[in-house]
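Asker: Let me begin by handing over the structure; questions about it come next.
The values are calculated or read from the model by the stated rules, or taken from the named source; none is laboratory data. Quantities reported herein were computed from a predicted structural model and do not represent experimental measurements. Every residue, glycine as well, gets a Cβ built from its backbone with ideal geometry; the counts of neighbours run over all protein chains shown.
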Amino acid sequence: MEVIIKPEAADLAPVAADIVERLVLRKPDAVLGVATGSSPVGLYAELGRRVAAGRLSLAGCRAFMLDEYVGLAADHPQRYRNVIEQELVARTDLVSERVLGPDGLADDIPAACAAYERAISDAGGVDLQILGVGSDGHIAFNEPSSSLGSRTRIKTLARQTRIDNARFFGGDVAQVPTHCLTQGVGTIMAARRVVLLADGEHKAEAVHQLVEGPVSAMWTATALQWHPQATVIVDEAAASRLALHDYYLDVYAEKPGWQE
Ligand code: GLP
């Protein structure tokens, strides 16, 4: 696992955008995995600036979302499909019709989850999955105790996640849906590359666990320790509990130019 530590939260986006840009230059029809939450917002804005500058185009790409709330109306501003539209599609030249997410309004939820898995594999799988991490160590909405081999399915949100996400619902936890559809840990692990962004002191324990803790369903992000190409980009606050903090700085400072 590659760990990149930068001084401030604002320093993460350019590093992640460089990884996206290098992939898309090499493979203009790349399949991107896109996360919601606040962590990737700076990255999406940076991609938007690069597209506007004519340096990058996502027009040939496809994108698959990680997760979706169950039951939020199609026009609800916090429906993840709408969040991605606003934060990523509207800022770049990614084509809206080429972005897919799990259908949180489906009548037949198991069928919708199976169809979503098929759509990802029909697209050839995800080349680059962008991730955040919850304060309880979840990736996508794979809450503690999720199977590390899981695939897209319905999950009940943990109380902590609903409290964390209440800020998007006017601070009212009762407005946060109780259920979601989420790619499984196994789905995420099938992506050819993953890049996880985290900033702030409130992520420090989750980051420590995901990089240095024992692999455990109690911190589902720890499954990434098994991923052959995982990069974790964090600010100093989120890195504050890393035992090997100085080593990660040295590794990045001494990274050979030829190494992706
Ligand atoms: C949310 C999302 C995740 C996200 C995580 C962290 O609940 N389902 O995909 O990575 O929790 O969110 P944030 O980046 O806002 O801290």
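Asker: Which one of Val34, Val41 is closer than 23 Å to Met189 by Cβ, modelled with pLDDT of 95 or more, within 16 Å of the ligand (Cβ to nearest atom) and within 15 Å of the chain's Cα centre (by Cα)?
Answerer: Going through Val34, Val41 in turn, the sole match is Val34.
Asker: Turning to a different aspect of this structure: Asp127: more than 16 Å from the ligand (Cβ to nearest atom), surrounded by 19 or more Cβ atoms within 10 Å (Cβ to Cβ) and closer than 30 Å to Glu260 by Cα, yes or no?
Answerer: The answer is yes for Asp127.
Asker: Give the residues of segment 192-208 that are under 17 Å from the mean Cα position of the chain (by Cα), away from the ligand (no atom under 13 Å from the Cβ) and assigned to a helix (DSSP H, G or I), sorted by residue number.
Answerer: Correct list: empty.
Asker: Can you list residue pairs whose Cβ atoms sit under 7 Å apart, with the first residue in segment 156-173 being in contact (Cβ under 8 Å) with a residue 60 or more places away in the chain and the second being not in a loop (DSSP other than H, G, I, E, B)? Count only pairs 6 or more apart in sequence or on different chains.
Answerer: Phe169/Gln175
Asker: Given the condition over 16 Å from Thr36 (Cα atoms), at pLDDT 95 or above, more than 13 Å from the ligand (Cβ to nearest atom) and among the basic types (Lys, Arg), answer yes or no: does some residue in segment 155-163 qualify?
Answerer: Checked segment 155-163: no residue is over 16 Å from Thr36 (Cα atoms), at pLDDT 95 or above, more than 13 Å from the ligand (Cβ to nearest atom) and among the basic types (Lys, Arg).
Asker: Would you confirm, using the coordinates I've provided, whether Val89 is within 16 Å of the ligand (Cβ to nearest atom) and among the β-branched types (Val, Ile, Thr)?
Answerer: Numbers: within 16 Å of the ligand (Cβ to nearest atom): no; among the β-branched types (Val, Ile, Thr): yes.
Judged against the criteria, Val89 is not a match.
Asker: Hey, another quick one. Which residue is surrounded by the fewest Cβ atoms within 10 Å (Cβ to Cβ), if the candidates are limited to segment 140-154 and must be of a type in the set (Gly, Ala, Ser) and within 13 Å of the ligand (Cβ to nearest atom)?
Answerer: So the residue we want is Ser146.
Asker: How about segment 167-185: which of its residues are over 21 Å from Gly42 (Cα atoms) and either within 10 Å of the ligand (Cβ to nearest atom) or within 14 Å of the chain's Cα centre (by Cα) (or both)?
Answerer: Within segment 167-185, Val176, Cys180, Thr182, Gln183, Gly184, Val185 meet the criteria.
Asker: Just checking, does segment 222-232 include any residue being part of a strand (DSSP E or B) and within 13 Å of the ligand (Cβ to nearest atom)?
Answerer: yes
Asker: Out of segment 170-215, which residues are hydroxyl-bearing (Ser, Thr, Tyr) and surrounded by 15 or more Cβ atoms within 10 Å (Cβ to Cβ)?
Answerer: As a first pass, look at segment 170-215 and keep what is hydroxyl-bearing (Ser, Thr, Tyr): 178, 182, 187.
Correct list: Thr182, Thr187.
Asker: Residues that are away from the ligand (no atom under 15 Å from the Cβ), modelled with pLDDT of 95 or more and either within 15 Å of the chain's Cα centre (by Cα) or closer than 29 Å to Val207 by Cα (or both): does segment 100-112 have at least one?
Answerer: Taking every residue of segment 100-112 in turn, at least one turns out to be away from the ligand (no atom under 15 Å from the Cβ), modelled with pLDDT of 95 or more and either within 15 Å of the chain's Cα centre (by Cα) or closer than 29 Å to Val207 by Cα (or both).
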